[in-house]
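One structure is given here, and the rest of the page talks about it.
The values are calculated or read from the model by the stated rules, or taken from the named source; none is laboratory data. Everything quoted here is computed from the prediction, not taken from an experiment. For neighbour counting, all protein chains shown are included, and Cβ atoms are generated from backbone atoms with ideal geometry for every residue, glycine included.
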Amino acid sequence: MDIMIFLGVLLSLGGVLGGQAIEGGKISSLIQPTAFLIVYFGALGATVVQFSLAQFKYGVGLVLGVLKQPPDHGIEYINKIVEYGTIVRKEGILAMEKKMTEVHDPFFKKGLQLLLDGTEPRILREMLETDVMMHEEYSEVGPKICDAYGGYLPTFGIIGAVLGLISVMQHLDDPESIGSGIAVAFVATVYGLIGANLVCLPLGNKLKMRAKEHGAVCFMIIEGLMSIAAGENPRLTKEKLEGFLTPANKAKLPKE
């Protein structure tokens, strides 16, 4: 589970609600079911219109998956590639067949299988790069849903505010309804801004960063497989692939 998401949300909500309390406002005044329905369901409907059913279902799955901290296999994959390169140089490509069961990543396994089948390196690279390109294309659906929803939320916040003011204008002779109408108006605006800037836009950006990290690992695997196919020195291969690692992973590498 990605603790940074919950930490960020708690910090933001703590700042907003804490400021509200310091100014003497009641947190209960921010609970307005009418404003919630107008803003969040209205923006959701507008977002649904923008995508096909298949795109929306896939994108929502990506958005929900952002709550989980993805495993980082960068160093592990480099070690495997170095190990496999050493085996191939000593025993030949067919010796890799017994190692296939060790690989669980579908992309990595596909590349090794193509290498084992004797696929020409140029074609191997083209096939794997096509897979990466298409994965990046599909991965954009999640951020696009977040961006769309985050873009519509403030607009529907304004709609909620206008509807609240219309209600106030229609009941000027009823002081009690004036208060609730004004509350709905202003709370709807707050809901729209918080939903967009605290949830949707940050999650969309996180999805984009994770897609880039995944792409970097895939290109690292491709370069590693190319090195194995070319029979390069495993030590040189390791040094080359370490350039794909994140700064955090580079810091974990043993000092020589």
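Scanning region 73-112 for residues that are loosely packed, with under 11 Cβ neighbours inside 10 Å and among the polar types (S, T, N, Q) gives a single hit, 101. Checked against (1) over 19 Å from the mean Cα position of the chain (by Cα); (2) surrounded by fewer than 22 Cβ atoms within 10 Å (Cβ to Cβ); (3) modelled with pLDDT of 90 or more, residue 191 passes all but a single condition, namely (2). Here residue 131 clears all of (1) closer than 30 Å to residue 48 by Cα; (2) at pLDDT below 90 except the condition numbered (2).
Looking at region 57-66, is at least one residue at pLDDT below 90, under 18 Å from residue 138 (Cα atoms), exposed (fewer than 12 other Cβ atoms within 10 Å of the Cβ) and within 25 Å of the chain's Cα centre (by Cα)? Looking through region 57-66, at least one residue is at pLDDT below 90, under 18 Å from residue 138 (Cα atoms), exposed (fewer than 12 other Cβ atoms within 10 Å of the Cβ) and within 25 Å of the chain's Cα centre (by Cα). Counting the residues of region 1-52 that are within 20 Å of the chain's Cα centre (by Cα), of a type outside the set (A, V, I, L, M) and in a helix (DSSP H, G or I) gives 5. Entry remark, region 231-249: residues being in a helix (DSSP H, G or I) and either more than 30 Å from residue 121 (Cβ to Cβ) or at pLDDT 80 or above (or both) number 13 in total.
Let's see how each residue does on (1) hydroxyl-bearing (Ser, Thr, Tyr); (2) more than 30 Å from residue 140 (Cα to Cα):
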position	(1), (2)
18	no, yes
22	no, yes
39	no, no
47	yes, no
95	no, yes
103	no, no
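Could you check region 1-30 and list, in sequence order, the residues that are over 25 Å from residue 69 (Cα atoms) and touching a residue at least 24 places away in the same chain (Cβ under 8 Å)? Selection gives 16, 29, 30. Can you list residue pairs whose Cβ atoms sit under 9 Å apart, with the first residue in region 213-227 being free of Cβ contacts under 8 Å to residues at least 40 places away in the same chain and the second being of a type in the set (Val, Ile, Thr) and crowded, with 16+ Cβ neighbours inside 10 Å? Count only pairs 6 or more apart in sequence or on different chains. Listed by first residue and then by second, the contacts come to 223/81; 223/237.
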